[in-house]
Amino acid sequence: METVIPSKEKVTVFNKANQVFGIHIEDARITKSYLLVAFIALLLGGFLGLLQGLNRAGVLELPVWLNYYQILTAHGLLLVVVLSAFFTIGYFYAGLSHTLGGLLPKVRKMAWIGFWMKMFGFVLVVIPILMNEASVMYTFYPPMAAHPMFYFGLVFIVLGVWMLAAGAFVNVSHWRKTHKGQHLPILAFFATGVFVLLVGATAFVAVEVLFMIIPWSLGWVDTINVMVARTLFWAFGHTAVNIWYLTAVSAWYVIVPKIIGGTRFNDYLTRVVVIALVIMNITGGFHHQIIDPGISLPIKFMHVFMSLAIGFPSLMTAYAMFRVFEMTGRRKGGKGVLGWLKKLPWGDVRFLSPFIAMAAFAPAGAGGIVQSTNQLNQVVHNTMWIVGHFHLTLGMTVVMTFFGISYWLVPFVSKRVLTPQMNRIGVVQTIIWTIGMVIMATSMHIVGLLGSPRRTSYTTYGEHAAAQAWDPYMMMIGIGATFLLIAVIIQVYAIFNMMFFAPKGETEFPIAEVEAAESPTPYLTERWGVWVIIMLIVVAMAYVLPLTDMIVNAPPGSPPFKTW
C-alpha cells in the first residue's frame, strides 16, 4: 500500500500570519458570529425547555396564547438545528482557518452568504411558529401541515448549509493543490467528513420539502405520500444526530489530548474512524421507523444492522480515548491500576466537560441499541424513553463537548484568555448541567418504561391511576429542567465574558501531535472521491428499493391537517 510520510507544511503568507498573529481577524469574525447565534439559541431554547419541564411536572399551566406544541417545536429547532449547526460550522471554520493557513477571501464571502441565508431561513421559520401556524415539532411529519412560510424557511436553511459546505470544500481543495502528497491536517479531515455528511443528509430533506411538502401545503396537490415523507426526513434526521456526534468526536481525538498534555491516538485509526462514520451514517434511518407499517421486515432488519454498524467506530473511539488518558496519566507519574486517573486535569473545564460527555455516551449508546431492536422498540418508541435518550446523546454527549470547546475557542477567536475565575465558573456550570441532565434523562427513561407518552402536554387522563403514578418522575423532570436553565444562564454569561470582557491575550488552538515513532499513514485515506462513491453505493442499497416500493405501491395519500 502506498504510504506518504507527512512533510512540513510549506511556509505561506497565510501560515506566517497565523503563527505570528493568530487567526485572521475576518476569519475570527465569522466564527464569533456563528458562536453568538448558537449560544443565544441555547438561552432561548433552555428557557422553553424549562417551560416544558414545568408543564409536564404539572406545576405550570401555560397561558392561552402560548401553545405547548409551539414551545416543543421552537425548543427542538433552536437546540437541534440552530445551536448544533451554528456551533459546528463556527468551530470547523475556525479549524480550517487555523490548520489550512487561513480562509480564502472567496470562502469568507461564501461563509457570510451562508450565514445570512440561514438567518433569513430561521426568521421565516420562526414567524409562523409565533403565530401558532407551525406547531408541527422538529420532525414536521405530514399529514400535520404548517404554514408554507415555515417550509420556505427550511429551504433557505438548507441552501445556507450547502453554501457553507461548498466554501469548506473550496478551501480544502486549494490547500491540497498547494500541498501535494501531504495529508490533510487532521481537524480539516474531520471537517471534510462533516460537510460531506451535511450535504448528503440535507439532500434528502430538501427533496421532501421542495418536491413534496411545499406543493402540498400550497394546495397545488391534494394529498401527500406520508411514508415517503417520513422516510426522507429520517434519512436526514438520523444523519444529523451523527453529524453533531462526529463533531464532538473530532474534539475528543484532536483537542482533548493536547489539553491534558498528551499525544493523540494513532493517526491512521483516527482517519479510518472518520471514513467509516461518513460511509455508514446516512444509512440506518429506518430504525426510527421500526414500528411503522408498510415497510417490509427484511428492509427493517437491514437498517437495524446498518444502524448497529456505527457502533464499531464508536467502540474504536472509546478504546482510543481511554488509552490516551491512561498513557498520559502514567507519563505524569500515575501508579497502579487506576492511579493514572488522579493525574488528569479534573479542575480544567476544557477537559472535565468533554470527559463527562464521553462517559455519558456509554448509556446513550446502549439506549440506541435498545431502540434499534424491533421487540424492545415496540415498548419504548412513543414514550418519554426516547426523549431521555435524545437528551443523553445530544444534551450531554454533544452539547457538553461543545461547552468544553467553547472555553478555549471563544478566547482564541476573541484574542482573550481563559482566566482561573472563569475556569472555576465553567467547572461549576459543568457540574450543574450534569446534575440536571442526569436527573431529567434518568426520570424520562424510567417514566417512559412505565408508559408515559412523549409529545404530549400535561394531563392526568381523567385522574387515571397509571398516569398519576408518573407524577413523581414528572416532578423530577421539572427539577432537572430547572438545573439545566441555571447552567444555561451561567454558560451564556461565560461566553459573553470570554468574548467581550476577559483580559486581552493569546490563547492556543490546542491540536495534539501524534506519537514521534508512529508509522506513516497510508495516503489512501486521502481518496475522498472513493469514500464518497462508496457512501453513495451504501445509501443506494439502503433506500432505492424501499422508496421505489413506497412510490409504486403507494398507500392512499393524505390531505393536510392542523391538529393543534
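The values are calculated or read from the model by the stated rules, or taken from the named source; none is laboratory data. What you see is a predicted model; the values in this text were computed from it and never measured. So basically every Cβ, Gly included, is an ideal-geometry build from the backbone, and we count neighbours across all protein chains shown. Side chains are part of the model used for accessible areas, which takes the heavy atoms of the whole protein and leaves out ligands, DNA and RNA. Shrake-Rupley method; radii C 1.70, N 1.55, O 1.52, S 1.80 Å.
Here is a list: 508, 515, 463. Which entry is over 26 Å from the mean Cα position of the chain (by Cα), charged (D, E, K, R), open to solvent by 50 Å² or more (accessible area, probe 1.4 Å) and under 23 Å from residue 249 (Cβ atoms)? None of the others qualify; the one that does is 515. The residues on offer are 399, 417, 370, 410, and the sole one that is modelled with pLDDT of 95 or more, of a type in the set (Val, Ile, Thr) and farther than 21 Å from residue 42 by Cα is 417. Only a single criterion out of (1) open to solvent by less than 10 Å² (accessible area, probe 1.4 Å); (2) at pLDDT 95 or above; (3) closer than 19 Å to residue 557 by Cα is not satisfied by residue 221, namely (1). Say whether the condition of being at pLDDT 95 or above and either at positive phi or out of contact with any helix residue (DSSP H, G or I) (no Cβ under 9 Å at 6 or more places or on another chain) (or both) is met by at least one residue in region 420-432. Within region 420-432, one or more residues are at pLDDT 95 or above and either at positive phi or out of contact with any helix residue (DSSP H, G or I) (no Cβ under 9 Å at 6 or more places or on another chain) (or both). No other residue among 52, 19 is surrounded by 18 or more Cβ atoms within 10 Å (Cβ to Cβ), assigned to a helix (DSSP H, G or I) and either among the polar types (S, T, N, Q) or at pLDDT below 95 (or both) apart from 52. On inspection, residue 334 qualifies as part of a loop (DSSP other than H, G, I, E, B) and either surrounded by 15 or more Cβ atoms within 10 Å (Cβ to Cβ) or out of contact with any Lys or Arg (no Cβ under 9 Å at 6 or more places or on another chain) (or both).
Would you call residue 130 surrounded by fewer than 19 Cβ atoms within 10 Å (Cβ to Cβ) and not basic (Lys, Arg)? Yes, satisfied. Among the residues of region 86-103, just one is open to solvent by 10 Å² or more (accessible area, probe 1.4 Å) and either among the hydrophobic types (A, V, I, L, M, F, W, C) or touching an Asp or Glu at 6+ places or on another chain (Cβ under 8 Å) (or both), namely 100.
When region 419-437 is filtered for residues that are hydrophobic (A, V, I, L, M, F, W, C) and surrounded by fewer than 24 Cβ atoms within 10 Å (Cβ to Cβ), the ones remaining, listed by number, are 422, 425, 427, 428, 431, 432, 435.
Looking only at region 185-196, decide whether some residue is polar (S, T, N, Q) and not in a helix (DSSP H, G or I). Scanning region 185-196, I find no residue that is polar (S, T, N, Q) and not in a helix (DSSP H, G or I), so the answer is no. Cβ separations smaller than 9 Å between residues 6+ apart or across chains give the following pairs from region 428-440 residues that are touching a residue at least 24 places away in the same chain (Cβ under 8 Å) and closer than 11 Å to residue 349 by Cβ to residues that are hydroxyl-bearing (Ser, Thr, Tyr) and open to solvent by 10 Å² or more (accessible area, probe 1.4 Å): 429/493. When residue 139 is tested against (1) of a type in the set (Ser, Thr, Tyr); (2) surrounded by 24 or more Cβ atoms within 10 Å (Cβ to Cβ); (3) in contact with a Gly (Cβ under 8 Å, 6 or more places away or on another chain), exactly one condition is not met: (2). Total residues in region 490-529 satisfying the condition of being touching a Leu at 6+ places or on another chain (Cβ under 8 Å) and part of a helix (DSSP H, G or I): the figure is 6.
From the list 190, 169, the lone residue that is hydrophobic (A, V, I, L, M, F, W, C) and buried (at least 22 other Cβ atoms within 10 Å of the Cβ) is 190. Within region 535-564, residues that are closer than 30 Å to residue 135 by Cα and surrounded by 11 or more Cβ atoms within 10 Å (Cβ to Cβ) have Cβ atoms under 9 Å from residues that are modelled with pLDDT of 90 or more and charged (D, E, K, R) in these pairs: 557/222; 559/222; 562/133, counting only partners at least 6 apart in sequence or on another chain.
Identification of helices (runs of 4 or more DSSP H) wholly contained in region 63-169 with 3 or more residues that are basic (Lys, Arg) yields 105-130.
Where helices (runs of 4 or more DSSP H) fall wholly inside region 237-323, the ranges with 1 or more residues that are open to solvent by less than 20 Å² (accessible area, probe 1.4 Å), modelled with pLDDT of 90 or more and within 20 Å of residue 544 (Cα to Cα) are 267-281. Of the candidates 389, 381, the single residue that is touching a helix residue (DSSP H, G or I) at 6+ places or on another chain (Cβ under 9 Å) and buried (at least 22 other Cβ atoms within 10 Å of the Cβ) is 389.
If the condition is being of a type in the set (Gly, Ala, Ser) and either touching an Asp or Glu at 6+ places or on another chain (Cβ under 9 Å) or open to solvent by 10 Å² or more (accessible area, probe 1.4 Å) (or both), then region 337-359 contributes 339, 347, 359.
Restricting attention to region 430-456, the residues that are outside any loop (DSSP other than H, G, I, E, B), hydroxyl-bearing (Ser, Thr, Tyr) and either in contact with a His (Cβ under 8 Å, 6 or more places away or on another chain) or within 19 Å of residue 52 (Cβ to Cβ) (or both) add up to 2.
Scanning region 197-236 for residues that are part of a helix (DSSP H, G or I) and in contact with a strand residue (DSSP E or B) (Cβ under 8 Å, 6 or more places away or on another chain) yields 212, 213, 216, 226.
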